[in-house]
Ligand code: SF4
């Protein structure tokens, strides 16, 4: 497949031939720009070649992660273009958006990252209409986004979710949904697949049914995930599980047990977030992972990836924030390669950060992205999670007035 680039005039005369087979990924650059970008192209594709594919599609393209379009594909060409714009041209371009499509949810998770965040922050409680959501998708894709992730609340409670998925242009981006699976039956998975959904990610908080149900506040939530995985696979979707690690769950070996369930159920990828002092846990910095827990997680994930041979692929936030190898390009996603829009249209740097840059009802997504990357909090790349940084929290999170609706306008924080 030929990759051509349209997002920056400097890249207009560069082209790449990218070819993938069951055993090989080949890349050849041509055009007057080839030499200038040769080092970055080599580093980027060498990193991809080292990743074991989760799946190889019929046309030979490979799925390396559910967060990533197939390689090669027109959508992946945009990811590579975002990389060159960000790292070579210093014109930071976002790869991904998470969109909280509804405030509503059937669960009452103790760790909910949307707790408070999605409650209609800043008095703008009305949810975005279908047309407004479609505009958010279109404007996000226009500025470089190649992965549109629908979250909530519980996104399947939104009756127009199919329409929103269908609004993601398949030649430019992949669409995925994060769900608690309570409504993910055979009909809904088939509808979402027909609308163009790439992957369904389901939250699994613990390897034991009773513990998962207790953490979610809903009896039967564990079983819903098991059934949801079955339906999603039958519909031909890629399937992910997402969980979060605490110091206790690391010590108790939860990751290995959840990965074993993922393997048994035929899941493609397992994502492990750090427990974050965000949402309902906003003040709980006492829960932060220790360096020791992080090391154990990294070792355990590496051992699991060796044991399962890449399926399920285990990806941890401990790795994306480790600042080594390919992870150096990822780091803290907020304002680096990702942003979040709440159901009320508030534009936040990420779905765990209770700060609003503005609202998509008043400004375009492109303008809000530009203001994010120019803001002192986000101007520089950070490998480490800002929401886990004592310095960041002291400046931007601790001064949020008690009881204020979230996300709180970043421009209304007291000056330093
Ligand atoms: S602050 Fe950065 S690393 Fe932390 S959750 Fe948000 S995007 Fe991820």
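Quick look at the values:
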read-out: Close pairs from segment 259-277: first in contact (Cβ under 8 Å) with a residue 12 or more places away in the chain and under 15 Å from residue 244 (Cβ atoms), partner assigned to a loop (DSSP other than H, G, I, E, B) and within 16 Å of the ligand (Cβ to nearest atom), Cβ under 6 Å, at least 6 apart; value: 274/289; 275/246; 276/352; 277/284
read-out: Residue ID - nearest to residue 279 (Cα to Cα), chosen from residues in segment 378-392 that are more than 10 Å from the ligand (Cβ to nearest atom) and more than 19 Å from the chain's Cα centre (by Cα); value: 390
read-out: Residue in segment 363-377 that is more than 10 Å from the ligand (Cβ to nearest atom), part of a strand (DSSP E or B) and touching a strand residue (DSSP E or B) at 6+ places or on another chain (Cβ under 7 Å) present; value: no
read-out: Answer from 415, 409 - the residue that is surrounded by 14 or more Cβ atoms within 10 Å (Cβ to Cβ) and away from the ligand (no atom under 13 Å from the Cβ); value: 409
read-out: Residue 84 being surrounded by 22 or more Cβ atoms within 10 Å (Cβ to Cβ) and in a loop (DSSP other than H, G, I, E, B); value: no
read-out: Qualifying helices (runs of 4 or more DSSP H) (wholly inside segment 230-321; at least 2 residues being out of contact with any helix residue (DSSP H, G or I) (no Cβ under 6 Å at 6 or more places or on another chain) and either modelled with pLDDT under 95 or more than 20 Å from residue 353 (Cα to Cα) (or both)); value: 247-251, 254-265, 291-308
read-out: Within segment 317-347, tally of residues that are within 12 Å of the ligand (Cβ to nearest atom) and in contact (Cβ under 8 Å) with a residue 12 or more places away in the chain; value: 18
read-out: Selection count, segment 199-229, where residues are surrounded by fewer than 23 Cβ atoms within 10 Å (Cβ to Cβ) and part of a loop (DSSP other than H, G, I, E, B); value: 7
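One line per residue, one yes/no per condition, for (1) within 16 Å of the ligand (Cβ to nearest atom); (2) surrounded by 15 or more Cβ atoms within 10 Å (Cβ to Cβ):
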residue	(1), (2)
249	no, yes
252	no, no
266	no, no
273	yes, yes
298	yes, yes
301	no, yes
311	no, yes
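The values are calculated or read from the model by the stated rules, or taken from the named source; none is laboratory data. Remember, it's a predicted structure, so these values are computed and weren't measured experimentally. Because the Cβ atoms are built from the backbone with ideal geometry, glycine has one as well, and the counts that use them run over all protein chains shown.
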